[in-house]
Amino acid sequence: MRKPIIAGNWKMNNTVAGTKQLLSELLPLVGDVTETEVVVCVPFTDIATAAAMTAGTNVKVGAQNVAWADKGAFTGEISADMLKEAGAEYVIIGHSERRQYFGETDESVNKRTVQALKNGLKPIVCVGETLAEREGGITEEVLCRQLEGGFSGIASEQMAQIVVAYEPVWAIGTGKTATSAQAEETIAYIRGKLAAMFGKKTADAVRIQYGGSMNPSNAKELMAQPDIDGGLIGGASLKAPDFTAVVKYNG
Ligand code: PGA
């Protein structure tokens, strides 16, 4: 059985003061949820605050990127041990915004994923096609390349610890969600591809999230799909009642 995992991706929102405010609203609502794993992936500067506030609750803290090197001359990067010491347990890797604006490639995603695993951080690795790629009928080809590149050299035991987030780029922040049937079909394809790469047992253990305009009104239907194990939530994670409604998708 795969435990559902709902993660908020705060992106570049909330200063420390904003983090204190949002978590003080959110924790009384979701802090004791046990049937679903709840994660908030916050900006680097908010990790320590979020870790201190969530201590003793069931909410976990994640970062939104990690350097592939241990330390050294990498201006602007943050290392895995810095994240861990600050209190992060998860880390988002290869979000489409990083691929689009900051030159992230399948190769850099792979190096960051290897580094996260080596340091005991749990990666949430994002994959997904653009609108042009979907309309051009090459969604599977794109996902295949992202999965083969992103998970190159990773052992099956390590793969089982990775969360994959399928985020169709055209659905992110647009209010345009993939239909539950579209999301299920694509996520089932991803699971099949993981089975071909790592074996069926591993593929059956990997949790795969849907991301892209997931919100209180569509969460239940998406989560009811057999291959969808969670959500990576952007906009709706910034409002405590909305994020809570997604976390408690079963009502
Ligand atoms: P969204 O973002 O929920 O605002 O579409 C999801 C994401 O980018 O992770």
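The values are calculated or read from the model by the stated rules, or taken from the named source; none is laboratory data. As the structure is a prediction and not an experimental result, all values here were calculated from the model. Cβ atoms come from the backbone with ideal geometry, glycine included; neighbour counts cover every protein chain shown. Just so you know, the surface numbers come from the protein's heavy atoms only, side chains and all, with ligands and any DNA or RNA stripped out. Shrake-Rupley method; radii C 1.70, N 1.55, O 1.52, S 1.80 Å.
Being in contact with a Lys or Arg (Cβ under 9 Å, 6 or more places away or on another chain) and open to solvent by 10 Å² or more (accessible area, probe 1.4 Å) is the filter here; which residues of region 35-50 pass it?
35, 37, 43, 49
Please determine whether any residue of region 120-135 is out of contact with any helix residue (DSSP H, G or I) (no Cβ under 7 Å at 6 or more places or on another chain), away from the ligand (no atom under 16 Å from the Cβ) and either at pLDDT below 95 or assigned to a helix (DSSP H, G or I) (or both).
yes
Inspect all residues belonging to region 174-186 and state whether any of them is touching a residue at least 40 places away in the same chain (Cβ under 8 Å) and within 15 Å of the ligand (Cβ to nearest atom).
yes
Among the numbered criteria (1) over 22 Å from residue 64 (Cβ atoms); (2) open to solvent by less than 60 Å² (accessible area, probe 1.4 Å); (3) away from the ligand (no atom under 16 Å from the Cβ); (4) part of a loop (DSSP other than H, G, I, E, B), which one does residue 154 miss?
(1)
Can you confirm whether residue 202 is more than 10 Å from the ligand (Cβ to nearest atom), at pLDDT 95 or above, more than 30 Å from residue 19 (Cα to Cα) and hydroxyl-bearing (Ser, Thr, Tyr)? Full working, then the answer.
Details: more than 10 Å from the ligand (Cβ to nearest atom): yes; at pLDDT 95 or above: yes; more than 30 Å from residue 19 (Cα to Cα): yes; hydroxyl-bearing (Ser, Thr, Tyr): yes.
Here the answer is yes, as residue 202 does meet what is asked.
Find all pairs meeting these conditions: Cβ atoms under 9 angstrom apart; at least six residues apart or on different chains; first residue within region 5-19 and over 13 Å from residue 212 (Cα atoms) and among the basic types (Lys, Arg); second residue crowded, with 16+ Cβ neighbours inside 10 Å and modelled with pLDDT under 95.
That search, which allows pairs on different chains as well, returns nothing.
Looking at region 117-130, can you tell me whether even one residue there is closer than 20 Å to residue 232 by Cα, open to solvent by 60 Å² or more (accessible area, probe 1.4 Å) and touching a strand residue (DSSP E or B) at 6+ places or on another chain (Cβ under 6 Å)?
Checking region 117-130: at least one residue is closer than 20 Å to residue 232 by Cα, open to solvent by 60 Å² or more (accessible area, probe 1.4 Å) and touching a strand residue (DSSP E or B) at 6+ places or on another chain (Cβ under 6 Å).
Determine, yes or no, whether residue 248 is modelled with pLDDT of 95 or more, within 13 Å of residue 6 (Cα to Cα), more than 16 Å from the ligand (Cβ to nearest atom) and of a type in the set (D, E, K, R).
Working: modelled with pLDDT of 95 or more: yes; within 13 Å of residue 6 (Cα to Cα): yes; more than 16 Å from the ligand (Cβ to nearest atom): yes; of a type in the set (D, E, K, R): yes.
The answer is yes for residue 248.
Return the residue satisfying two criteria in turn: it lies in region 156-177 and is over 13 Å from residue 232 (Cβ atoms) and touching a strand residue (DSSP E or B) at 6+ places or on another chain (Cβ under 7 Å), and of such residues it is modelled with the lowest pLDDT.
Among residues in region 156-177 that are over 13 Å from residue 232 (Cβ atoms) and touching a strand residue (DSSP E or B) at 6+ places or on another chain (Cβ under 7 Å), the one modelled with the lowest pLDDT is 161.
Among the residues of region 94-118, write down those that are touching a residue at least 40 places away in the same chain (Cβ under 8 Å) and within 16 Å of the ligand (Cβ to nearest atom). Talk me through it step by step, then tell me what you get.
The first filter runs over region 94-118 and keeps only residues touching a residue at least 40 places away in the same chain (Cβ under 8 Å), leaving 94-97, 100, 105-117.
94, 95, 96, 97, 100, 109, listed by residue number.
Starting from residues that are surrounded by fewer than 18 Cβ atoms within 10 Å (Cβ to Cβ) and within 15 Å of residue 118 (Cβ to Cβ), keep the ones in region 70-88 and report whichever is nearest to the ligand (Cβ to nearest atom).
82
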